[in-house]
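Following: one structure in structure tokens, then a few remarks.
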Amino acid sequence: NLLSWARTQRNQIKITPQNISVRFIVEKCRSLLTHNLSHKQIQFINEIPAETTVYADEEMITIVVRNLISNAIKFTHRGGNITIFTDDTDQHITIGVRDTGIGIPAEKLRHMFRPSAKNTHNGTEGETGTGLGLIICKDFVEKNGGEIWIESQPGQGSVFYFSLPV
């Protein structure tokens, strides 16, 4: 992820948008993270219809989805749930990653995508991270013509949303 992001920062990666299946990307990421999901006994629910497509760079969006699912696993207690869903309009598809995790306090929400903010926190079972995942996600989503945002309540979980062109 970091290497891909560094290349985009130096304009060394060409963004190649195409019509891609959102469900396929989510299933590919779920497959990569099966061990983590099983270890924490987290139920993974993919509600995305098979026909849902977006116009974006497949590699970048795969990194975004994998990061968001990985974070959801990290901050969800053993036995929790992660649900991936979509909402679409004529112009955009909004993808949501909802978890039943620990949630994020309001004062931290507005700083989650800032490189200068210290956003590293241990997960529910001591998992660690670099604090760069969400910054990479924001950059990749924006490079593909979308937006990313969060809704969260401490103790009630989080929903990470991102939109992409149809």
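The values are calculated or read from the model by the stated rules, or taken from the named source; none is laboratory data. Treat the numbers as computed from the prediction; the structure is a model and nothing was measured. When we count neighbours, we look across all protein chains shown, and the Cβ atoms used for this are built from the backbone with ideal geometry, even at glycine. Each accessible area value is taken on the protein alone, full model and side chains, heavy atoms only, with ligands, DNA and RNA left out. Shrake-Rupley method; radii C 1.70, N 1.55, O 1.52, S 1.80 Å.
Quick look at the numbers
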read-out	value
Partner aspartates and glutamates for LYS28 [C-alpha distance under 14 Å; skip if fewer than 8 residues away on the same chain]	GLU58, GLU59
Where the Cα pairs of segment 34-121 fall when distances are cut into 10 Å bins, in %	14, 41, 36, 9
Burial order of peptide ranges 32-39, 128-135 (average beta-carbon count within 10 Å, highest first)	128-135, 32-39
1.4 Å probe accessible area per residue over segment 76-136, in Å²	55 Å²
Max mean-square fluctuation residue, GNM over the chain, Cα-Cα springs under 10 Å, options ASN19, ASN71, ASN81	ASN19
Ranked by how many other beta carbons lie within 10 Å on average, peptides 104-114, 56-66 from highest	56-66, 104-114
Spatially proximal aspartates and glutamates relative to LYS74 (Cα-Cα < 20 Å; intrachain offsets below 8 disregarded)	GLU27, ASP99, GLU125, GLU127, GLU151
Per-residue ³J(HN,Hα) for segment 61-77, Karplus 6.51 cos²θ - 1.76 cosθ + 1.60, θ = phi - 60°, Hz, x for Gly and Pro	5, 4, 4, 4, 4, 4, 4, 5, 5, 4, 5, 4, 4, 4, 9, 9, 5
Segment 50-122, relative contact order [Cα under 8 Å, separation at least 6], %	25 percent
Value of [θ]222 nm, deg cm²/dmol, for the chain, DSSP H segments ≥ 4, -39500 (n - 2.57) each, nearest 500	-10000 deg cm²/dmol
The chain: relative contact order in percent, alpha carbon pairs under 8 Å with at least 6 residues between	24 percent
All-pairs Cα distance distribution in segment 77-166, expressed in whole percent, bin size 10 Å	16, 45, 33, 6, 0
Inverse mean reciprocal Cα-Cα distance (Kirkwood Rh) of the chain, Å	16.0 Å
